[in-house]
Amino acid sequence: MASLALVDVGTDRALLNVFSDLMLELTPEWSRSTDQMLSALALDPTQRRVVAMLAGEPIGFVTVGRIWVLPIDDPTAWCELGVREPYRRQGIGSQLLTWAEETAPLIGRSRLQVPCRGNRPAGIEFLQHRGFVEYDRMACVELPLAGVVAPPVVLPEGVRLSSLAAEPDLRQSAYEAAVEIFADLPDPEPVSAGSFEEWRMRDVDVPDGPLDAYLLAVAGDQVVGYCRLMNEERGVVVGHTMTGTRRGWRGRGVAKALKHAAIAWALDHGAQRMTAENAIGNEAMRGINRALGFVAAPDFVEMRGTM
């Protein structure tokens, strides 16, 4: 076999296009566009990506970088990797993981966190054999949109539906809502919306995240809930990155109304399906999704290992 070359992608758009194509093929549920990856460098300039090349053919990828919802000095690096099917079980995945383990300390991280899907047990077993353990698990759902009719959007009295495209002056209030909602997420360790500027770079002013897809429930001049939608898999899928309500407005139908508005947005923009992830213990949101016809998809599993 020809020797494997690990090519640093950097900011080279042609290589980023190759990287994006590999992610779409191997891990479509968290694939990203070239513009998304370039935009993310402003938030985390330490992130690194390489493409594995064999005889000039791209056959795999690996990336390490910051986990944005954790403190900037958190020791954990986010690591994604994949190898095309004809080249698996030949030690290539091990070489990519070794690269990640050697690179993480160079960007100030001492452990790796790797996403997997429950329908790919070989990937989980690969990591378990190398000392990784399950750190967290999210229940994933999806809604095929063929034949779906947009449900009515019914908000509590005094609450209106808007978006950051329609009312950009609500950014500060939307950020305050995000801070409260993130603080209440049932994650294994506290997560944060970050500073106002970090939140804008990560959740607001991002490629493939149009501002009319940052849906808001507004009472007076206060954002009381929001639903952030992203175009994924090159427009085929609309993903919910977050749907949440401020504490004083929970249990009043705000989240349900936002989910209804999200379905309408996805239908208007020609998506084939919608996806969402819920913490296993978030029964309120999981119940809303079930009532709307979302069906179970393979779990999102995060594996963590220390170098």
(message) Projecting each Cα onto the charge dipole of the chain (Lys/Arg +1, Asp/Glu -1 at the beta carbon, about the Cα centre), which of Leu16, Val83, Gly287 comes out farthest on the positive side?
(response) Gly287
(request) Determine the sum of side-chain charges near His269: Lys and Arg each +1, Asp and Glu each -1, restricted to other residues whose C-beta is under 14 angstrom from that of His269. (result) -3
(request) Mind jotting down the distance between the C-alpha centroids of segment 66-124 and segment 20-56, whole Å? (result) 13
(request) Would you mind telling me which residue in Ala177, Ala266, Ala14 has the biggest mean-square fluctuation in a Gaussian network model of the chain, where springs connect alpha carbons within a distance under 10 angstrom? (result) Ala14
(request) Scan around Trp68 for amide H atoms under 5 Å from its own, H built in the peptide plane at 1.01 Å from N, and keep only partners 5 or more places away or cross-chain. (result) none
(request) Pick out, from Leu215, Leu155, His240, the residue whose Cα sits farthest towards the positive end of the charge dipole of segment 143-298, with +1 on the Cβ of Lys and Arg and -1 on the Cβ of Asp and Glu. (result) Leu155
(message) Using the Cα centre of segment 143-298 as the reference point, and only Cβ charges (+1 on K/R, -1 on D/E), how large is the resulting charge dipole? Debye, rounded to the nearest 20.
(response) 600
(request) Find which of Ile92, Thr103, Leu43 sits farthest along the positive direction of the dipole of segment 4-109, computed with +1 on the beta-carbon of Lys and Arg, -1 on that of Asp and Glu, about the Cα centre. (result) Ile92
(request) Considering only Asp208, Asp12, Asp184, give the residue with the highest GNM mean-square fluctuation for the chain, with springs between Cα atoms whenever their separation is below 10 Å. (result) Asp12
(request) For the chain, just list the percent of Cα-Cα distances falling in each 20 Å bin from zero outward, please. (result) 32, 58, 11, 0
(request) Quick one: compute the contact order of segment 213-296, relative version, from alpha carbon pairs under 8 angstrom and 6+ residues apart, as a percent. (result) 26
(request) Normalising by the residue count of segment 143-298, find the relative contact order in percent from Cα pairs under 8 Å and 6+ residues apart. (result) 29
(message) Only four residue types carry charge here, +1 at the Cβ of Lys and Arg and -1 at the Cβ of Asp and Glu. Report the dipole size of the chain about the Cα centre in Debye, rounded to the nearest 20.
(response) 580
(message) Compute a Gaussian network model of the chain, connecting alpha carbons closer than 10 Å, and tell me which residue from Val149, Val51, Val141 fluctuates the most.
(response) Val149
(request) Would you work out the relative contact order for the chain, in percent, from Cα pairs under 8 angstrom that are 6 or more residues apart? (result) 22
(request) State the Cα centre-to-centre distance between segment 166-203 and segment 230-265 in whole Å. (result) 15
(request) Please arrange Asp44, Asp221 by counting, for each residue, the other beta carbons lying within 10 Å of its beta carbon, fewest first. (result) Asp221, Asp44
(request) Tell me what the chain gives for mean residue ellipticity at 222 nm when only DSSP H runs of n ≥ 4 count, each as -39,500 (n - 2.57), the sum divided by the residue total, rounded to 500 deg cm²/dmol. (result) -8000 deg cm²/dmol
(message) Amide H of Leu41 versus every other amide H placed in the peptide plane: which residues, excluding those fewer than 5 positions away on the same chain, fall under 5 Å?
(response) none
(request) For segment 1-123, give the magnitude of the charge dipole about the Cα centre (Cβ charges: +1 Lys/Arg, -1 Asp/Glu; no others), in debye to the nearest 20. (result) 260
(message) How would segment 196-307 be classified by its alpha-carbon gyration tensor: rounded, prolate or oblate, with rounded meaning a/c under 1.5 and the a/b versus b/c comparison settling the rest?
(response) rounded
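Each reported figure results from applying straightforward, stated rules to the coordinates on display, with no laboratory input. What you are looking at is a predicted structure, and each value in this text was computed from that prediction instead of being measured. Because the Cβ atoms are built from the backbone with ideal geometry, glycine has one as well, and the counts that use them run over all protein chains shown.
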